[in-house]
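Just so you know, all these numbers are worked out from the coordinates, no wet-lab data involved. What you see is a predicted model, and the numbers here were worked out from it, not measured in a lab. Every residue, glycine among them, receives a Cβ derived from its backbone with ideal geometry; neighbour counts consider all protein chains shown.
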Amino acid sequence: MDFALSPELLALRAEAFEVGRAAAAAARLTEDTWIAVPDRTFSLELAARGWLGMTWPVEVGGGGRTPLERFVVYEALLSAGAPMATSWFADRQMGPTLLQFGTPEQQKAYLPQILDGTSAWSIGMSEPDAGSDVASIRTRATRDGDRFVVNGQKIWNSGAMSADWIYLICRTDPDAPAHKGLSELIVDLHSPGITITPIKDMTGSEHFCEVFFEDVRVPAENLVGELNGSFRQVMRQMEHERGGPDRLLSNRKLYDDCLPLADRTDPRVRQEIAAIESGYRIGRLLVLREVMGQAPTQFSAATKTFCTELEQRIAGFCVAAVGPHAMLAEAGVGGRVARNVTYAPAYTIMGGTSQILRNILGERVLGLPR
Ligand SMILES: Cc1cc2nc3c(=O)[nH]c(=O)nc-3n(C[C@H](O)[C@H](O)[C@H](O)COP(=O)(O)OP(=O)(O)OC[C@H]3O[C@@H](n4cnc5c(N)ncnc54)[C@H](O)[C@@H]3O)c2cc1C
């Protein structure tokens, strides 16, 4: 077996890294850029290079390229710290979901604006009392003629302030068992009755939001997939959400910048570097297995847990590497480390907490008793 990338893939990776590095040089932040750093101009550049919808079928305007090509491009962009949050959710999740569950009309309406980099999407799943337990979602969508009328509240919706659409999970049958009455709607975030309030996180960033819905009228044709059948679709979406390179490389650039500052005369530091470098390689193999479609169903729970716990370990390593500078909100690498270590707890919360993912691994992958 030859595990090396072909010369073409190596060239693609080098090109993507250069593009990412140039964009990162002008960005306000080079960590967590897939979720916290939107940039409409960069989204257009990704589209122009054919790097949005890379693996989608050519019939719908996609690139028809291999998952490995997409992986190579995004591994490089993420590692370079490129500002990707405008296009990321749609490219990773909403587009593939529409390809699988959307009607031809929906594909025609929404895929082109994802592919040309002009639309940004937010995920409307969590609620104040429904995070880990998706089945307890209470936001209601009631059918009224050719529309749904939506009332309720979502929370922690990344990028909602700067997005055009929210992909909403809501309750359409209040009388059905909890996980049987949910549906998915595409909602225009500029609709009357929507109020978006940013939430400031510990780092001072306001990338995630509360979104309130008051009698918001949504065309019935915006229902994606089966009425009251969203639970299965959500599970599929989570596979897109949990197994990708974004869960491994959020602070890769920071690690690369801190590594030369670490005291390698200390054997404990050398051991930590060895552990992290091994972790990156294991994580990369796990992610590759996911993106190539070779992982067991729901194994992305394990992939995400391993990779995000590594990201947290890296945040800690960077603190040790820069020493007291990690306590200062200063310009330069020290301030970046301070920000990252403050943000790092989020890695194992968003997209499913490590506790929940370990439950999934135990019950649904390993078949252990509940
Ligand atoms: C940075 C960030 C970005 C996010 N972006 C989005 C977004 O774009 N869209 C969106 O919809 N949501 C988003 N979220 C929300 C995220 O999905 C939820 O925070 C997550 O699912 C956990 O839900 P919760 O916060 O309600 O915590 P809870 O579900 O209340 O959990 C609290 C604690 O209890 C534990 N726990 C709960 N149930 C169990 C159980 N059965 N067994 C063991 N332990 C359990 C959890 O592990 C956790 O430690 C984001 C969150 C973060 C931090």
*Charge context of Arg49, other residues only, Cβ under 13 angstrom, K/R +1, D/E -1*: -4
*Determine, for Arg289, Arg252, the number of other Cβ atoms within 10 Å of each Cβ, and report the residues in order from fewest to most.*
Arg289, Arg252
*Take the alpha carbon atoms of region 152-178, find their center, do the same for region 100-138, and report the distance between the two centers in whole angstrom.*
9
*asked:* Need the full-extension length gain, Asp175 to Glu59, defined as separation in residues times 0.36 nm minus the C-alpha distance. One decimal, nm.
replied: 37.7 nm
*Per-bin percent of Cα-Cα distances, region 34-192 [10 Å]*: 10, 37, 33, 17, 3
_Per-residue [θ]222 nm for the chain (sum of -39500 (n - 2.57) over DSSP H runs n ≥ 4, rounded to 500)_ = -13000 deg cm²/dmol
*Give me the distance in nm between label points sitting 7 Å out from Cα along the Cα-to-Cβ direction at Leu259 and Ser6, one decimal.*
2.8
*Report, in order of residue number, the helices in the chain meeting two criteria: a C-alpha extent of 30 Å or more along the helix axis, and a mean Kyte-Doolittle hydropathy of at least -0.5; treat each whole DSSP H run as one helix.*
267-291, 300-322
*Filter the cross-link list Lys108/Lys304; Lys253/Lys304; Lys180/Lys200; Lys180/Lys304 down to pairs whose alpha-carbon distance in this structure exceeds 30 Å.*
Lys108/Lys304; Lys180/Lys200
*Difference of contour (0.36 nm per residue) and Cα-Cα distance, Gln294 to Asp164*: 43.4 nm
*How far, in nm, would the chain grow between Arg49 and His190 when pulled straight, counting 0.36 nm per residue and subtracting the alpha carbon separation?*
47.9 nm
*Over 34 Å [Cα-Cα, the chain], rounded percent*: 26
